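The structure appears right after this line, and notes come after that.
The values are calculated or read from the model by the stated rules, or taken from the named source; none is laboratory data. The model shown is predicted, which means the values in this text are computed figures rather than measured ones. In this analysis, Cβ positions are derived from the backbone assuming ideal geometry, glycine residues included, and neighbour counts consider all displayed protein chains.
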Ligand SMILES: [Zn+2]
Ligand SMILES: [Zn+2]
């Protein structure tokens, strides 16, 4: 099969012939229909600031496709089924995995980093990494459920425990944060505010239902601005990973409010605990990836009409255009949300 292969020390992938894996007893071979290009792929491929565990590696962790072959003990999937492959990998046997909270597993990994991913014609994975994708959801939208949509869903729904009456602020409206805006909009009837440094990202946020936007570039004091515009925030979710954004926002929080930290910035997060966290009795929590609950719930949300991902797909490309997509995402050319690679097209 053809796959996009990343060799050690290289900042471009090469399209190479790679051996296809035959499924073992518990595995399923999936013909990849769509695989989203994520910001972390830019860090992995273009900048080398994230690494593959083994080189050469095949990146790609947001995939959907069709089952083409199953192992003998596979029970929930059959040939021809439409599926989403989870972004995360885990041990499958620890207490967290058994409870369906794989993102707490000690052996947590990511496809495309810790083992070969899906910028390839096929991927062969354990049955437990798969979710059924109904015919009503196209493969491209199904693919991005694996990370771009499920990660903010986990943060907002499970960690942030969003309520209908919550005034919500989303900081950082890139690939994950923009879906944070869309998900928050599906749950809150109150005010939704989006904050970013990039005007195009804020434009996207308005399209996804933000009532107000704050440009960090234009405003001297974003925390003060957020307080004035929101009249108090109940739930704040940070996708930016910048210490100053989080520290600044504390003063805009309502007493008893919740803050969820998702973004991992370029610099380590080191901040003093502001007294306001104590005084206002804020809950500050982290969120990393998602677990077994997210994708099935998201599918229901899409089918109910409360979440529309059609605007999230920027354009479709063959494997040979992956390097170009990485470059355009890196430089934000064309204000992209998700480029989709279709590995079985133009082969
Ligand atoms: Zn990702
Ligand atoms: Zn585990």
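List of remarks:
- The number of residues in region 155-175 being within 13 Å of ligand 1 (Cβ to nearest atom) and either at pLDDT 95 or above or surrounded by fewer than 24 Cβ atoms within 10 Å (Cβ to Cβ) (or both) comes to 1.
- Residue match in region 280-299 (condition: in contact (Cβ under 8 Å) with a residue 60 or more places away in the chain, at positive phi and surrounded by 15 or more Cβ atoms within 10 Å (Cβ to Cβ)): yes
- Within region 72-100, tally of residues that are away from ligand 2 (no atom under 16 Å from the Cβ), closer than 13 Å to residue 129 by Cβ and in a loop (DSSP other than H, G, I, E, B): 3
- Pair list, Cβ < 7 Å and 6+ apart or interchain, from region 57-85 residues that are closer than 19 Å to residue 291 by Cα to residues that are within 16 Å of ligand 2 (Cβ to nearest atom) and not in a strand (DSSP E or B): 61/87; 62/87; 76/127; 85/129
- Qualifying residue in region 316-330 (condition: touching a helix residue (DSSP H, G or I) at 6+ places or on another chain (Cβ under 9 Å), within 24 Å of residue 134 (Cβ to Cβ) and either at pLDDT 95 or above or surrounded by 15 or more Cβ atoms within 10 Å (Cβ to Cβ) (or both)): yes
- Scanning region 203-217 for residues that are in contact (Cβ under 8 Å) with a residue 60 or more places away in the chain and crowded, with 20+ Cβ neighbours inside 10 Å turns up at least one hit.
One line per residue, one yes/no per condition, for (1) assigned by TED's automatic domain parsing to the domain that holds residue 328; (2) touching a strand residue (DSSP E or B) at 6+ places or on another chain (Cβ under 9 Å); (3) over 23 Å from residue 330 (Cβ atoms):
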position: 37; (1), (2), (3): yes, yes, no
position: 48; (1), (2), (3): yes, no, no
position: 72; (1), (2), (3): yes, no, yes
position: 79; (1), (2), (3): yes, yes, yes
position: 85; (1), (2), (3): yes, yes, yes
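- Residue match in region 96-105 (condition: buried (at least 16 other Cβ atoms within 10 Å of the Cβ), without any contact (Cβ under 8 Å) to a residue 12 or more places away in the chain and more than 28 Å from residue 16 (Cβ to Cβ)): yes
- Conditions (1) more than 25 Å from residue 189 (Cβ to Cβ); (2) without any contact (Cβ under 8 Å) to a residue 60 or more places away in the chain; (3) touching a strand residue (DSSP E or B) at 6+ places or on another chain (Cβ under 9 Å); (4) not in a loop (DSSP other than H, G, I, E, B); number of the one not met by residue 244: (3)
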